[in-house]
Amino acid sequence: MATVNDNYLKLKAGYLFPEIARRVNVFIEANPDAKVIRLGIGDVTEPLPDACRAAMIKAVEDMGDRNSFKGYGPEQGYAWLREKIAANDFQSRGCDIDASEIFISDGSKCDCGNILDIFGDDNVIAVTDPVYPVYVDTNVMAGHTGEINEKGEYEGLVYLPVTAENNFTAEIPTEKVDLIYLCFPNNPTGATATKEHLQAWVDYARANGSIIFFDAAYEAFITDPNLPHSIYEIEGAKECAIEFRSFSKNAGFTGTRCALTVVPKNLMGKAKDGSNVELWKLWNRRQSTKFNGVSYVVQRGAEAVYSEEGKSQTRALIDFYMENAKIIREKLTEAGLAVYGGENAPYVWVQTPAGLTSWDFFDKLLQTCNVVGTPGSGFGAAGEGYFRISAFNSRDNVNEAMRRILDKFK
Ligand SMILES: *Cc1c(COP(=O)(O)O)cnc(C)c1O
């Protein structure tokens, strides 16, 4: 019989979101009249900006005329999109990133996982804890870890706790690690990284020959003008960092699918024979072999994010979600809860009231307020005692959920 990749058997069987769904279903069956509000999702709720829709409709028309029809596009993505990204997202912030260093893809989630294809299996890998589960699970699948322990930590990974005790900063490890996943603004904690903090990471990576995987999926939610949006705003980052970005959260593309990965041309890894190898070449080879590009229609939609209307419409979307986050922060604080994040990110990270585990608080909120959030412990051992509330929702749902919580907790 054909054998399987045994590494998959080490994965904790898709525990978090199925378990949330299970508990919510049990509750709804017992309380069919309860109006449950879900503030647990990491998905956007508001419609696509008009500018993106209009550009995609026009692109569909292009496909209907043999003069403007498009077959396979360039594997790296169309130059007109990469040039707009380079100019608007990077060069405008003083980052020396060229369009040729940008790879368009159908998602950052896929890229975060696929990037492991071009790295060796002997790297020491560090993740923050709590963490976006994709970073961990893709390493488990690739055989980079041992088994999971009862706290939910995989043997062989270096976990960097980020909690209220260290002010939600990912502290520089004392040991040498080769690959580091950083995500700022952070999912799930909503924490941010200052330029000084990222400079310390870049200095560490350059001193140790490490590569930083910088996930900037939430950069558009930054409101504090002093915070960096890209790791390439940090001196020396082009020599040690790959950046992942996505149109999912800033422009509502979670169902439309478009993202990008930046691999600077002079970024190097080491081959077994000790020689330096350009990572750009390997990623280009990987993408042109295993990926055939994002659809022309969707790339036109993403391009429209950089038009004048696109910029103001995506700004309005982000402002809408950030107003939700502000309401959540204020009301939960009024209810006597300790809250973090939510100021430069669409997630509010709540400390559970004394004595309650993340899942205790989940059950309490569900049963007394009929509100669903995400238990922090589902994002890692150090997430125990915390709870994630998402600002991705309608204003009515946010207001009603906060009214119920204030009612029960104050
Ligand atoms: C939502 C999200 C992304 C974006 O993923 P896509 O595949 O581009 O939709 C990336 N990283 C984090 C941490 C996210 O929460």
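Observations, loosely collected:
- ³J(HN,Hα), Karplus 6.51/-1.76/1.60, whole Hz, each residue of region 372-377, x for Gly, Pro: 10, x, 10, x, x, 5
- Size of region 255-410: Rg and Dmax of its alpha carbons, in Å, are 21.7, 65.
- Look at the alpha carbon pairs under 8 Å that are at least 6 residues apart: their mean separation over the length of region 226-297 gives a relative contact order of 21 percent.
- Among beta bridges identified by DSSP and lying wholly in the chain, the antiparallel ones come to about 55 percent.
- Accessible surface ranking that places the most exposed of VAL4, VAL44, VAL177 first, with a 1.4 angstrom probe: VAL4, VAL44, VAL177
- For region 230-318, the square roots of the Cα gyration tensor eigenvalues, ordered a ≥ b ≥ c, give a/c of at least 1.5 with a/b no greater than b/c, which places it in the oblate category.
- Net charge in the neighbourhood of LEU260 (other residues with Cβ under 9 Å of its Cβ; Lys, Arg +1, Asp, Glu -1) is -1.
- Close amide H contacts of ARG38 (hydrogens built in the peptide plane, cut-off under 5 Å, sequence separation of 5 or more or a different chain): VAL372.
- Using a cutoff of 8 angstrom between alpha carbon atoms and counting only pairs six or more residues apart, the relative contact order for region 105-225 works out to 25 percent.
- For the chain, the normalised intensity computed at q = 0.13 Å⁻¹ comes to -1.18 (log10 of I(q)/I(0), Debye sum over alpha carbons, equal scatterers, no solvent).
- Among 229-239, 297-307, 396-406, the order from most to least packed when residues are scored by Cβ within 10 Å on average: 297-307, 229-239, 396-406
- Between amide H atoms placed 1.01 Å from N, distances below 5 Å from LEU160 occur with VAL127, THR128, ASP129, all of them 5 or more places distant or on a separate chain.
- Couplings 3J(HN,Hα) of region 166-172, computed from phi: 10, 6, 6, 9, 7, 6, 5 Hz, in residue order, whole Hz [Karplus 6.51 cos²θ - 1.76 cosθ + 1.60, θ = phi - 60°; x for Gly and Pro].
- Karplus-derived HN-Hα couplings along region 226-240 (A = 6.51, B = -1.76, C = 1.60, θ = phi - 60°), whole Hz, x at Gly and Pro: 8, 7, x, 8, 10, 5, 6, 6, 9, 4, x, 5, 5, 8, 8
- Listed peptides 29-35, 322-328 appear in the order 322-328, 29-35 once ranked by packing, highest mean of other Cβ atoms within 10 Å at the front.
- Values of log10 I(q)/I(0), in the order q = 0.22, 0.23 Å⁻¹, for region 32-122 under a Debye, Cα-only, solvent-free model: -1.28, -1.28
- Peptide packing for 55-61, 245-251, 266-272 was compared via the average number of neighbouring C-beta atoms within 10 Å per residue; ordered from the highest value, the list is 245-251, 55-61, 266-272.
- Considering only alpha-carbon pairs that sit under 8 angstrom and 6 or more positions apart, the relative contact order computed for the chain is 23 percent.
The values are calculated or read from the model by the stated rules, or taken from the named source; none is laboratory data. Treat the numbers as computed from the prediction; the structure is a model and nothing was measured. As a convention, Cβ positions derive from the backbone with ideal geometry for all residues, glycine included, and neighbour counts pool all protein chains shown. Please note that ligands, DNA and RNA were not included when accessible areas were found on the heavy atoms of the full protein model with its side chains. Shrake-Rupley method; radii C 1.70, N 1.55, O 1.52, S 1.80 Å.
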